[in-house]
1. Return the distance in nm (one decimal) between the two label points of a simple spin-label model at residue 102 and residue 134, each offset 7 Å from Cα along Cα→Cβ.
2. Explain nothing, just the number: relative contact order of the stretch 46-157, from Cα pairs under 8 Å at least 6 residues apart, as a whole percent.
3. With the crude spin-label approximation of a point 7 Å out along Cα→Cβ, what separation in nm comes out for residue 151 versus residue 95?
4. Could you calculate the FRET efficiency of residue 53 with residue 84 from 1/(1 + (r/R0)^6), where r is the beta carbon distance between them and R0 is 35 Å, rounded to 0.05?
5. Looking at the stretch 61-117 from every direction and averaging, what is the projected area of its Cα convex hull in nm²?
6. When the Cα centres of the stretch 82-97 and the stretch 117-157 are compared, how far apart do they sit, in Å?
7. Over all distinct Cα pairs, what is the inverse of the mean 1/r for the stretch 55-157, reported as the Kirkwood hydrodynamic radius in Å?
């Protein structure tokens, strides 16, 4: 017959650093340090250099293609349109200067941010840049690209 073991006779496992690990764990998971760590996590989730992407719509009409770009808050001087072959590129450069002053805590900061965003649209034929027209009003850029008719070549026998 097997003798039943008495649980009180089992050796107790002592962990010399157990209490230290528990207090260390509580330190990082209890406020206010937990909120600080969550703030750092949120900071690193953001892209380092965020780019503002603008919407572009291309529609084809009988005699032209119409490219419409939504650029709210952008001044006309910040927009560049470049045509090369059968592509048209819309570029927006945005530069901000900022100043932060806190006389009470003697904190003074000055900085500058610069963003450059562009989109390139391909048209199925070469673009005649002399006939392209662009207008900008109320944050809406409209570019009219006349369709170019190619020459038809007769095939001989």
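1. For residue 102 paired with residue 134, the spin-label model returns 4.2 nm.
2. On the way: 176 pairs, mean separation 31.8, N = 112.
Value for the stretch 46-157: 28 percent.
3. Computed distance between label sites residue 151 and residue 95 equals 4.7 nm.
4. Calculated transfer efficiency: 0.95.
5. For the stretch 61-117, averaging the hull's shadow over all directions gives 5.8 nm².
6. Spelled out, the Cα-based centre of one part sits 16 Å from the other.
7. 16.6 Å
Values in this text are rule-based calculations from the coordinates and carry no lab data. Worth saying up front: this structure is predicted, and the values here are computed from it rather than measured. Note that each Cβ is placed from the backbone with ideal geometry, even for glycine, and that neighbours are counted across all protein chains shown.
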